[in-house]
Every structure is written in C-alpha cells, then in structure tokens.
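So the structure is just underneath, and the comments pick up after that.
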Amino acid sequence: MIPLTGMIPFTAFTKPAQRAIDKAKAESRRSKGEKPGDLMMGIVQVSDGVGGRVLMGLGATTVTLRSQMVQQAHPLAAREEAKLAFERATEYAKGTNSSRIGTHHLLLALVEESDGTTARALAALGIPAEEVKREIDRLLAAGVRE
C-alpha cells in the first residue's frame, strides 16, 4: 500500500488531498500492488483539488496517465517515491504558509523529481513540469483554493 503519510497526520491534508490519497490507495489495490505514479493517479481523480484541475486542464486523464505510468516505470520504488513526495509537499506547504497540504503541493512535489515516474509520464504526454507549476500559480493567483 501507499505509505500514506508517514509521520504526517492525515488531518494535515486538505479534504481534496485526503481523497486523492484514498484514491491512490485504491489504485494500488486495483493493480494488486504499489507502483510509482499511484499518488498522481489519485490526484487526477479529484476534480475539486487544485492538482486535479491542473492535470485535467492540461489534458491529462486517468486513461492517458495510467498508460504512461506503465511505459515510464522508474527504478525508484513506489514507497520511496511517495515518501519523498509527502516530505516535499510538507515543505512546499510550510514555505507558502499554508496550514494544510493540498493536492497542488503533492503535485509540485511529484513533478519536482525530473527523473521520477510522474514527471516522465507528464513529459511524455507533452506536459512539462514548468507548465504544471505555471498552471498551479495561475489558479492560486485567481483565488482557487481547496
């Protein structure tokens, strides 16, 4: 299973981020095992989260992402990739004085690792990490919140 949040309390996440984590766990169960990218698959399924809005707005879908996750398999273990994402997302939230960790913090953490499964899958879909970051900034500047 996805190592959920490690030492981070589940309540530290926004409601959309909590749903994304739950969907990532379901993705792991569906495929009968953890794999890199489960967290991003959870994020894209939460349409009221900033991260899901960004991914869908840039043309990513569960079908296209799932296909790319298989093709972009990365040697970094699923647990390690998720653990790093949770750690980085926590730092992003602290750095922006956010009281909770949102789907956009998780997505930023996933795309930050340029050699990670998520960044590689998005790049293969023609969605570079820089574009993801710009779209997050645009939505936040427009007042979109979780």
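The values are calculated or read from the model by the stated rules, or taken from the named source; none is laboratory data. Note that the coordinates shown come from a computational prediction; the quantities given were computed from them, not determined experimentally. So basically every Cβ, Gly included, is an ideal-geometry build from the backbone, and we count neighbours across all protein chains shown.
Give the range 29-71 a look and list any residue that's touching an Asp or Glu at 6+ places or on another chain (Cβ under 8 Å), modelled with pLDDT of 90 or more and either assigned to a loop (DSSP other than H, G, I, E, B) or farther than 11 Å from LEU107 by Cβ (or both), or say none.
Answer for the range 29-71, where residues must be touching an Asp or Glu at 6+ places or on another chain (Cβ under 8 Å), modelled with pLDDT of 90 or more and either assigned to a loop (DSSP other than H, G, I, E, B) or farther than 11 Å from LEU107 by Cβ (or both): MET41, ASP48, GLY49, GLY57, LEU58.
For the range 111-129, which positions are β-branched (Val, Ile, Thr) and more than 13 Å from ARG66 (Cα to Cα)?
The answer is VAL111, ILE127.
If you go through the range 94-123, how many residues are in a helix (DSSP H, G or I) and either at positive phi or without any contact (Cβ under 8 Å) to a residue 24 or more places away in the chain (or both)?
The number of residues fulfilling the criteria is 5.
Please give the number of the condition GLU87 fails out of (1) in contact (Cβ under 8 Å) with a residue 12 or more places away in the chain; (2) buried (at least 17 other Cβ atoms within 10 Å of the Cβ).
With respect to (1) in contact (Cβ under 8 Å) with a residue 12 or more places away in the chain; (2) buried (at least 17 other Cβ atoms within 10 Å of the Cβ), GLU87 is out only on (2).
Please verify whether the range 129-136 includes one or more residues that are at negative phi, modelled with pLDDT of 95 or more and not charged (D, E, K, R).
Yes - at least one qualifying residue is present in the range 129-136.
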